[in-house]
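Before any comments, here is the structure.
The values are calculated or read from the model by the stated rules, or taken from the named source; none is laboratory data. These numbers come from a predicted model, not from an experiment. All Cβ positions, glycine included, derive from the backbone under ideal geometry; neighbour counts span all protein chains shown. Note: accessible area is taken over every heavy atom of the protein model, side chains too, but ligands, DNA and RNA are not part of it. Shrake-Rupley method; radii C 1.70, N 1.55, O 1.52, S 1.80 Å.
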Amino acid sequence: MPRKKLPLDLAALQEALAFLRGGRRFILTSHVNCDGDGIGGCLALQGILRRLGKRAAVVFADPPGEQYNFLEGWQSIEVAAPAPAEKAARLIVLDCPSLGRIGRVQEHLGPRTRILDIDHHKDSQLFGHVNLVTPRASSSSELVYHLATALGVPLSPTMAEQLYLGILFDTGGFRYSLTTPTTFSVAAELVRCGARLDFVADRLFNNKSLPALKVLGKALDSLALYCGGQVAVLHLSHAQVSAGDSDEVVNFGLMIQSVEVSIALKEEQPRKYRVSLRSRQRVDVSRVAAAFGGGGHTRASGCRLEGTASTIRCLPPILFPGI
Ligand SMILES: [Mn+2]
């Protein structure tokens, strides 16, 4: 791929390469409740570092989702132990806008730990000693691809599939606006390297459990429109959230053509809501999330709110007055 098309600052890329070449042992991590981009990107980068003769462990704050267990390396992902005896010499944080979001993996940090931050969140706090961060990449996995290319490490079918999963996850199957021509070029190269596109798509998108589908049914039952049909709100009580996975229910609000913003209110603990926000085209939902201490992307973000179901449900018209 022509170098000029890289969505990256070349000085940052050189620093990242030096960081990777200069260490012998690495810990790789991502945000709590790690998603497909973080898991795929970390596993692929682990493979790349091992190709370079380095030691690399993937360590998360919590166990990785079962839905990703088809990825090679999934079983070897470690869950952070409390108070590890040895601090990390070099920590690579993928897909994580702030250091606090790595959760308990912070216990691996010591005074001499060097951090490489690889990310595409636009609200990234650039917390690394080296920051390979650009909002112009579809995914952190896409950035890992550019690193592999610059390092001259050929991608095995396994690594290609891990990266393809990350890209497919973050672009919603190449549908979201953060998908660029470069994303397609990278994906094409990953397929050429052996990523099974039909297999990965099937595992990623057709992997619901019966309880999760039932929870979706409850969420759809609750769906209501506000602001002249432009804001959809889905609401799940604590009991309903506890019954099955509800990560994707927010996307269903956008299936109604008039809807610009979809909000899922999920009562994770009694009166404590996890709020997921999605927008179609105009509204920057990351601003709304940030106003409530959350964050994310222009079209997909989240935050947490406390209150009763009735007060929380009053919020949409207040959150989006100008819509
Ligand atoms: Mn991502």
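Heavy atoms of the protein chains alone define the surface here; on that basis the chain has 46 Å² accessible area per residue at 1.4 Å probe size. Taking the protein heavy atoms of the chain in the context of the full set of protein chains, the accessible area attributed to carbon and sulfur is 52 percent at 1.4 Å. If R0 is 56 Å, the Cβ-Cβ spacing of residue 149 and residue 221 corresponds to a FRET efficiency of close to 0.70.
Please report the net charge: other residues with Cβ closer than 14 Å to the Cβ of residue 109, K and R +1, D and E -1. Surrounding charge for residue 109 is +3. Quick check on the chain: of the DSSP beta bridges with both residues there, what percent are antiparallel, nearest 5%? Looking only at bridges with both residues in the chain, the antiparallel portion is about 45 percent. The distance between label points at residue 11 and residue 310 comes to 5.8 nm (points 7 Å beyond Cα on the Cα→Cβ vector). Available extension along the chain between residue 257 and residue 237 is 4.6 nm, counting 0.36 nm per residue and deducting the alpha carbon span. The residues neighbouring residue 171, those whose beta-carbon lies less than 12 Å from its own, together hold a net charge of -1 under the Lys/Arg +1, Asp/Glu -1 convention. Membrane-span-like helices of the chain, defined as complete DSSP H segments with a Cα extent of 15 Å or more along the helix axis and a mean Kyte hydropathy of at least 1.0, are identified as 10-22.
Count the net charge of all other residues whose Cβ sits under 13 Å from the Cβ of residue 206, scoring Lys and Arg as +1 and Asp and Glu as -1.
Working: positive: 203, 208; negative: 198, 202, 248.
Local charge sum for residue 206: -1.
Principal axis analysis of the Cα atoms in region 190-323 yields extents of 49, 33, 28 Å, listed in decreasing size.
Extension gain for residue 192 to residue 287 (0.36 nm times residue separation, less C-alpha to C-alpha distance): 30.4 nm.
Pairs of Lys residues in the chain are counted when their Cα atoms are under 18 angstrom apart and they lie 8 or more places apart or on different chains; the count is 4. Dipole size of the chain about its Cα centre, with +1 on Lys/Arg Cβ and -1 on Asp/Glu Cβ: approximately 600 debye, rounded to the nearest 20.
When ranked by the protection proxy of mean other Cβ atoms within 10 Å per residue, highest first, what sequence do the peptides 188-198, 77-87, 25-35, 122-132 form? Working shown, then result.
Details: 188-198: 15.9, 77-87: 12.3, 25-35: 22.7, 122-132: 18.6.
Order by mean packing, descending: 25-35, 122-132, 188-198, 77-87.
Couplings 3J(HN,Hα) of region 311-316, computed from phi: 5, 5, 6, 6, 5, x Hz, in residue order, whole Hz [Karplus 6.51 cos²θ - 1.76 cosθ + 1.60, θ = phi - 60°; x for Gly and Pro]. Taking region 232-257 and a reference point 7 angstrom along Cα→Cβ of residue 214, the backbone N atoms nearer than 12 Å belong to 240-245. Taking every alpha-carbon pair within region 68-143, the share separated by more than 18 Å comes to 47 percent.
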